[in-house]
């Protein structure tokens, strides 16, 4: 269980995170989405007590993170896979954490095995690891204390497709056994497959939040016609709000029936008409965060 | 809450007890030696002590080759390297960004810092044992090669040596805590005595304060069998300025600093 309550972080005149609130319930995977620089990492660092918030607070397992006596046993944290001493071996990094938490020694080998780091990899220095291997090591570190909550910042970064697939299975399984997962990403497709809930953040503010299905359902209708220009005019005339999709079609904020009727009235030949689904969510994600990412690029 | 009935992993467990300071200190001691850089620093400290003793065997007259004559000179080079150990133990967490993991597991940062200080103090005390050991080896070697090899030792020297090395390592740790940057802390620490002597040589008015503030001057009497009350006073003042102030200010900085 993670409760984020009106978290705000200001750096001088710049507000990195503004009034962010959401909850992650046991048994769910929450995808924390937003373009780079939207405030995802800052929010997660505030949840984990690494950064002091300017206002608001957060609680994990019912308590502010800094008040947990042995947080590693309750919350697995992976904020940055690169943040490992390059001179330590993978096994040594885990051994240090196991000793700190008071986890039995056998768990180190068990977790290395779980994340797919073999004996040879475990003996190598982290400096020689690829980003994908560091992510696996970070995940092993997060799972080491058998926590009930996982907080992972961009865990899919650097993983190959097989690795991403494997991680999804692992997180899904963790949540299905009653765990709480919060994972961030700047790629919608990455979290869409595993998340039950989505929190979308742009320019430091939560711009959309809810169940994935709920957000998908509200995503409108995807429509494509042989004559795209005529379709656009027809939609405008019918007063149906449409935005051009990335691949030529339009996403319309209306039911497929209304869109089909408008096209039929105009005598247009449609080549595609369906609930927008994930394509719509992507569209939503793009529009919601477009302003934010432009601002980020200019800053 | 949603209607999800939580199976085994989410059942309320009693909150796991936090790690004790002893456990954290053991972890920090392990961190001193589990990287190539750390291991070599420790090995170098041992080798330097041994090298000094070897040199003494060759340069000292036979009659002067006593246990004390081997022990005292070995403290200097070790005392120069120990601050680097103190600095690295603190700053490596930031330069290697392992602070992110360390503080995720122990969010009460003052406990981590306390454990680190305890670890480097133990390392400093161990270094005195190393100095004793190499001095003993030197004495035996001196006997074998025709030197005096007498075991004369003023026992006052032992606590003095311990104070000397502990103060050295803690000064390093203080600089590390305050500056949180490896090269900056090492350079600042090593430059400081030089700056003092240069300034004191140039500016007459600084000569008297230097006797109270230049640690290379105030710590010297620790390597002689007797220290006067005045010398203790000057040592105390200099350590308050160069050890206590950086430690306290550094602790405040470390507690407040954003980890990213």
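The values are calculated or read from the model by the stated rules, or taken from the named source; none is laboratory data. Just so we're clear, the structure is a prediction, and the values are computed from it rather than from any experiment. Positions of Cβ are generated from backbone atoms using ideal geometry, with glycine treated the same way; all protein chains shown enter the neighbour counts.
When only residues in the range A:139-162 that are out of contact with any strand residue (DSSP E or B) (no Cβ under 8 Å at 6 or more places or on another chain) and without any contact (Cβ under 8 Å) to a residue 40 or more places away in the chain count, which is nearest to the other protein chains (Cβ to nearest Cβ)?
Filtering the range A:139-162 down to residues out of contact with any strand residue (DSSP E or B) (no Cβ under 8 Å at 6 or more places or on another chain) leaves A:140, A:146, A:157-162.
Filter once more, so that each one left must be without any contact (Cβ under 8 Å) to a residue 40 or more places away in the chain: A:159-162.
On the way: A:159: 19, A:160: 24, A:161: 27, A:162: 26 Å.
My answer is A:159.
Summed over the range A:76-95, residues that are surrounded by fewer than 23 Cβ atoms within 10 Å (Cβ to Cβ) and either farther than 13 Å from residue A:117 by Cβ or facing chain B (nearest Cβ under 7 Å) (or both) total 8.
Under the condition of being closer than 20 Å to residue A:156 by Cβ and out of contact with any helix residue (DSSP H, G or I) (no Cβ under 7 Å at 6 or more places or on another chain), the residues counted in the range A:1-52 number 9. Within the range A:31-54, the set of residues being within 12 Å of chain B (Cβ to nearest Cβ), under 13 Å from the mean Cα position of the chain (by Cα) and crowded, with 24+ Cβ neighbours inside 10 Å comprises just one member, A:44. Filtering the range B:105-124 for residues that are within 14 Å of chain A (Cβ to nearest Cβ), outside any loop (DSSP other than H, G, I, E, B) and over 23 Å from the mean Cα position of the chain (by Cα) leaves a non-empty set. Considering the range B:9-29, and only residues there that are modelled with pLDDT under 95 and within 7 Å of chain A (Cβ to nearest Cβ), the residue that is nearest to residue A:146 (Cα to Cα) turns out to be B:9.
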